[in-house]
Amino acid sequence: KIIDLHPTHELKKLKDHLKSIEKYDGLTQEWKHINAFGNTFDVIVKGSSIIYNNRKARLAVVEDITQKKKAQKDREEQSKKYQDLIESSSDIIYRINNEGIFTYVNPTAIKLSGFTSEELLSMSFTDLVTPKYKQQVINFYKFQLENNIETTYTEFPIRIKDGREIWLGQN
């Protein structure tokens, strides 16, 4: 029987689902199933109503998604570790769009620049570079992009919110 495939804590959900499939054909639902050894595993069940031998029937395709869910969980954990590393770094880490506008700044960028996250996210990275070095920095990165150079290093001064100038080394 179908109920034998489900853990007891899912039986009410299953009964409600079975009642609803008459109204809503083609439902896809995630479930836990129980194998012959009593172990639970994650599945996606896609069901459709059909006529089989002149009788109403239900065609169900069951896909074991245990490995997919584990891979997704691993990716999320890896992403969290990466995000924690970026957020706790003592280096300035940022991302910009094609126009050079900041789309992400880490807490160190905020702390060292004196600008809020909102202020930085409305600025271009060149807005921070002191006027004397701005064109030099633009040319440097333009050359890097045009020549597909992955790793470079340059130093230049930026003007922080309180008006002071600080030098950054960037690679």
Which of (1) in contact with a Ser or Thr (Cβ under 8 Å, 6 or more places away or on another chain); (2) open to solvent by 60 Å² or more (accessible area, probe 1.4 Å); (3) assigned to a helix (DSSP H, G or I) is the odd one out, the single condition T108 does not satisfy?
(2)
Among residues of segment 31-46 being open to solvent by 60 Å² or more (accessible area, probe 1.4 Å) and touching a strand residue (DSSP E or B) at 6+ places or on another chain (Cβ under 7 Å), the residue nearest to K12 (Cα to Cα) is K32
Checked pairs for segment 76-95, first over 19 Å from E118 (Cβ atoms), second part of a helix (DSSP H, G or I) and polar (S, T, N, Q), C-beta under 8 Å and 6 or more apart or across chains, list as S89/T108; S90/T108; D91/T108
Applying the selection to segment 39-63, what residues are out of contact with any Ser or Thr (no Cβ under 7 Å at 6 or more places or on another chain) and touching a residue at least 24 places away in the same chain (Cβ under 8 Å)?
T40, G47, S49, V62
Considering segment 61-91 alone, what residues qualify as being open to solvent by less than 100 Å² (accessible area, probe 1.4 Å) and either aliphatic (A, V, I, L, M) or in a strand (DSSP E or B) (or both)?
V61, V62, E63, D64, I65, A71, I86
Return the pair list, or none, for Cβ contacts closer than 6 Å from residues in segment 115-130 that are under 16 Å from F156 (Cβ atoms) to residues that are hydrophobic (A, V, I, L, M, F, W, C) and assigned to a helix (DSSP H, G or I), at least 6 apart or on different chains.
V129/V137
Please go through segment 92-105 and give me each residue that is under 20 Å from the mean Cα position of the chain (by Cα) and in a strand (DSSP E or B), ordered by number.
Y94, R95, I96, F102, T103, Y104, V105
Residues being of a type outside the set (V, I, T), open to solvent by less than 100 Å² (accessible area, probe 1.4 Å) and in contact with a Pro (Cβ under 7 Å, 6 or more places away or on another chain): count how many of those fall in segment 133-170.
2
Taking the options T126, T151, name whichever one is under 18 Å from N171 (Cα atoms) and part of a helix (DSSP H, G or I).
T126
Please go through segment 121-132 and give me each residue that is more than 16 Å from N98 (Cα to Cα) and either open to solvent by less than 100 Å² (accessible area, probe 1.4 Å) or touching a Ser or Thr at 6+ places or on another chain (Cβ under 7 Å) (or both), ordered by number.
L128, V129, T130
Determine which single condition F115 fails, assuming it passes every other condition in (1) open to solvent by 40 Å² or more (accessible area, probe 1.4 Å); (2) at pLDDT 95 or above; (3) part of a loop (DSSP other than H, G, I, E, B).
(1)
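The values are calculated or read from the model by the stated rules, or taken from the named source; none is laboratory data. The structure presented is a predicted model; accordingly, all values stated were derived computationally and were not measured. Cβ: placed from backbone, ideal geometry, glycine included. Neighbour counts: every protein chain shown. Side chains are part of the model used for accessible areas, which takes the heavy atoms of the whole protein and leaves out ligands, DNA and RNA. Shrake-Rupley method; radii C 1.70, N 1.55, O 1.52, S 1.80 Å.
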